[in-house]
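Below is one structure, written out as structure tokens; the observations come after it.
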């Protein structure tokens with residue numbers, strides 16, 4: 001079992017015995033000293049560069065409504081760093097073009113937040129709303145921003161499969177799905193000097209520890225220090 005699964009089951013055991021103790025059904029709580037395993041923090045196996053992201057974004061056929069929708073969904077993922085389920089849950093009214101933010105309703109942890117969105121992504125959303133979305137759903141009563149072929153809200157599984165297929169077609173030598181845009185979003189901001197607390201807020205991380213993973217992914221400063229200071233790179237040792 002993964003560490004997360006272990007914590008889930010052990011937490012249930014602790015809660016169960018705590019309840020039994022309070023009800024007087026057992027003399028003492030045998031789970032009092034039960035220690036939960038620590039969370040694992042694994043580095044992303046694949047991180048796309050900005051150039052690779054641009055190559056992926058250029059795959060969809062923009063002469064079709066479907067191609068426009070695919071491009072816009074990926075533009076929003078890259079511009080905001082939101083999770084795939086948060087993208088699928090977006091409504092038309094969640095995009096604030098004047099304030100250049102999107103409203104995330106009940107994201108992970110059942111928390112609402114606002115995420116900044118770039119001008120380029122907003123331009124693409126406007127194009128999608130005008131040229132593409134009516135093709136999927138002529139009804140003005142459907143609130144979902146992104147729709148599937150049936151005219152209903154886009155599902156996470158369908159979104160993941162679509163993005164995975166597009167990344168494969170880009171032939172960049174890397175594979176993955178929606179999470180690659182989230183990783184690229186975080187590492188790109190960090191490498192350009194964004195404060196890690198701001199990145200935490202934009203990504204909706206409850207703990208700074210989750211965001212700090214990207215400090216290990218973004219190693220440009222370490223590479224520059226290595227090139228500048230390692231003895232093997234000094235002219236006298238060449």
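Since every read-out is calculated from the coordinates, none of them should be taken as a lab result. This is a predicted model, so every value here is computed, not measured. No Cβ is skipped: glycine too gets one built from the backbone with ideal geometry, and neighbour counts run over all protein chains shown.
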What full-extension length gain, to one decimal in nm, is calculated for residue 96 and residue 33 as 0.36 nm per residue of separation minus the Cα-Cα distance?
17.7 nm
Which option, [x] 36, 31, 16; [y] 37, 22, 15; [z] 54, 22, 17, is the value of semi-axes √(5λ) of the Cα gyration tensor in Å that was calculated from these coordinates?
[x]
Determine, for each peptide in 93-99, 203-209, the mean count of other beta carbons within 10 angstrom over its residues, then list the peptides with the highest first.
203-209, 93-99
List 88, 229 from most exposed to least, where exposure is judged by having the fewest other Cβ atoms within 10 Å.
229, 88
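Between residue 158 and residue 50, take the C-beta separation as r, use R0 = 22 Å, and let me know the FRET efficiency to the nearest 0.05. Please list the in-between numbers first.
On the way: r = 27 Å, r/R0 = 1.21.
For residue 158 and residue 50, the calculated efficiency is 0.25.
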